[in-house]
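Student: I'd like to ask some things about the structure below.
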Amino acid sequence: MQSIKNEETFYEFINSGDPVIVKFHADWCPDCRRMDMFIDDIMAEYNQFKWYDVNKDELPALAEKYDVMGIPSLLVFKDGEKIAHLHSANAKTPEQVTEFLGSL
């Protein structure tokens, strides 16, 4: 998963025309570390998406703009528009994440 370090890159990726998933996380977040233990297998299964991550603490304006209230959160973008959002409360297990992605 490629890390996004600035807003310019974020907008470039989400406007690319490809379906994109952006994981918002923070270094201090235990649930984020837990997701990191299972997300690679899910990324391999859902490889029709391009996957990126954003540290919420490094780019707080993006988190605020896209209503990321809890972390980890997965946001799905297509043509620059947010089309789905898996909030942190529902992103704690591999089953929750795959159920969300399967519904897209």
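Student: Could you tell me whether ALA61 is out of contact with any Ser or Thr (no Cβ under 6 Å at 6 or more places or on another chain), among the small types (Gly, Ala, Ser), open to solvent by 30 Å² or more (accessible area, probe 1.4 Å) and modelled with pLDDT of 95 or more?
Tutor: Against the criterion (out of contact with any Ser or Thr (no Cβ under 6 Å at 6 or more places or on another chain), among the small types (Gly, Ala, Ser), open to solvent by 30 Å² or more (accessible area, probe 1.4 Å) and modelled with pLDDT of 95 or more), ALA61 qualifies.
Student: Let me ask something else about it. Looking at ASP36, ASP40, which is the one that is open to solvent by less than 90 Å² (accessible area, probe 1.4 Å), out of contact with any Phe, Trp or Tyr (no Cβ under 8 Å at 6 or more places or on another chain) and assigned to a helix (DSSP H, G or I)?
Tutor: Numbers: ASP40 fails: open to solvent by less than 90 Å² (accessible area, probe 1.4 Å).
Result: ASP36 is the single residue among ASP36, ASP40 that is open to solvent by less than 90 Å² (accessible area, probe 1.4 Å), out of contact with any Phe, Trp or Tyr (no Cβ under 8 Å at 6 or more places or on another chain) and assigned to a helix (DSSP H, G or I).
Student: Out of all the residues in the stretch 64-102, which are open to solvent by 90 Å² or more (accessible area, probe 1.4 Å) and part of a loop (DSSP other than H, G, I, E, B)?
Tutor: Selection gives MET69, ASP79.
Student: Which number in (1) more than 22 Å from LEU104 (Cβ to Cβ); (2) touching a residue at least 60 places away in the same chain (Cβ under 8 Å) marks the one condition that PHE77 misses?
Tutor: Looking at each condition in turn, PHE77 falls short on (1).
Student: So, PRO30, is that one closer than 20 Å to VAL97 by Cα and either open to solvent by 70 Å² or more (accessible area, probe 1.4 Å) or small (Gly, Ala, Ser) (or both) or not?
Tutor: yes
The values are calculated or read from the model by the stated rules, or taken from the named source; none is laboratory data. Remember, predicted model here, so these are calculated numbers, not experimental data. Ideal geometry is used to build each Cβ from the backbone, glycine not excepted, and the neighbour counts take in all protein chains shown. Please note that ligands, DNA and RNA were not included when accessible areas were found on the heavy atoms of the full protein model with its side chains. Shrake-Rupley method; radii C 1.70, N 1.55, O 1.52, S 1.80 Å.
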